[in-house]
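Colleague: Sharing a structure here in structure tokens format.
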Amino acid sequence: DQQVKQNSPSLSVQEGRISILNCDYTNSMFDYFLWYKKYPAEGPTFLISISSIKDKNEDGRFTVFLNKSAKHLSLHIVPSQPGDSAVYFCAASAFKFYFGSGTKLNVKP
Amino acid sequence: NAGVTQTPKFQVLKTGQSMTLQCAQDMNHNSMYWYRQDPGMGLRLIYYSASEGTTDKGEVPNGYNVSRLNKREFSLRLESAAPSQTSVYFCASSEALGELFFGEGSRLTVL
């Protein structure tokens with residue numbers, strides 16, 4: 001059974017608006033969470049991370065929120081740009097890394 | 001900066017053939033990983049190596065073997081390929097529990 005789930009396979013957003021990508025996990029032992037971005041025919045690249053001792057981490061246009069009680073994390077992209085169009089994977093770690101199934105983001109000009 | 005290098009990038013096999021995917025990293029990382037990516041399944045861990053000389057099974061190890069040849073290299077072997085192993089394979093490395101650095105992927109088709 002998947003320990004990390006991304007229930008939205010795809011998301012379409014207008015340029016300049018906010019993109020919100022969601023991720024749920026089941027294992028309370030996870031203590032480190034990451035978001036990766038993947039373009040076609042390339043390997044995933046690291047975007048942003050958060051430790052379980054925090055509930056928010058920002059890096060420029062990207063913010064990750066962690067709600068431990070709900071076992072939920074989200075990635076906010078503000079403002080969204082066409083170059084953000086990619087597949088986004090969330091991952092969680094408790095010694096090993098577990099990935100969700102990905103959300104394909106399309107930012108329309 | 002090469003980072004994580006995988007070879008080959010593309011391979012077509014017939015059922016029952018064997019092959020080895022090679023991976024090398026130049027970041028002096030202790031940990032290395034092999035993942036497979038399938039549509040709707042995300043990235044699933046096949047095997048990992050926490051340090052030179054150690055290997056452990058991940059979520060989907062059946063049908064695969066690995067070798068941590070040295071600190072730089074981690075290979076994945078398919079002894080008898082099956083159509084269910086058609087996938088895109090990614091090698092990754094990390095320092096302890098830091099972020100993973102991925103290679104560009106190896107697309108394998110088993111007929």
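Derivation of every value follows stated rules applied to the coordinates shown; laboratory data play no part. All of these numbers come straight from a predicted model, not from anything done at the bench. In this analysis, Cβ positions are derived from the backbone assuming ideal geometry, glycine residues included, and neighbour counts consider all displayed protein chains.
Colleague: What distance in nm lies between label points placed 7 Å from Cα along the C-beta direction at residue A:68 and residue A:18?
Modeller: That separation, rounded to one decimal, is 2.4 nm.
Colleague: Here are some pairs, A:5/A:68; A:37/A:108; A:54/B:71; A:71/B:9; which of them have Cα atoms lying more than 25 Å apart in this structure?
Modeller: On the way: A:5/A:68 15 Å; A:37/A:108 17 Å; A:54/B:71 33 Å; A:71/B:9 37 Å.
Too far apart for the 25 Å limit: A:54/B:71; A:71/B:9.
Colleague: Tell me, in nm to one decimal, what length is gained between residue A:81 and residue A:29 on full extension, where the rule is 0.36 nm per residue of separation less the Cα-Cα distance?
Modeller: 15.3 nm
Colleague: Ignore the peptide's own chain and count Cβ atoms of other chains within 10 Å of each Cβ in B:58-64; give me the average, rounded. Walk me through the numbers on the way to the answer.
Modeller: On the way: counts 3, 5, 0, 0, 0, 0, 0.
Mean shielding by partner chains, rounded to a whole number: 1.
Colleague: Then there's this: Does the protein assembly as shown come out rounded, prolate or oblate by the C-alpha gyration tensor, with a ≥ b ≥ c the root eigenvalues, rounded set by a/c under 1.5 and, if not, prolate when a/b is larger than b/c and oblate if not?
Modeller: Prolate.
Colleague: Enter the Cα centre distance for the pair segment A:48-109 and segment A:14-40, rounded to the nearest angstrom.
Modeller: Here the two parts' Cα centres lie 3 Å apart.
Colleague: Return the lysines within reach of residue B:57: Cα separation strictly under 16 angstrom, same-chain partners fewer than 8 residues apart disregarded; answer none if there are no such residues.
Modeller: Candidates past the 8-residue exclusion: A:96.
Colleague: What does the charge add up to near residue A:97, with Lys and Arg as +1, Asp and Glu as -1, over the other residues with Cβ less than 14 Å from its Cβ?
Modeller: Around residue A:97, the charge tally is -2.
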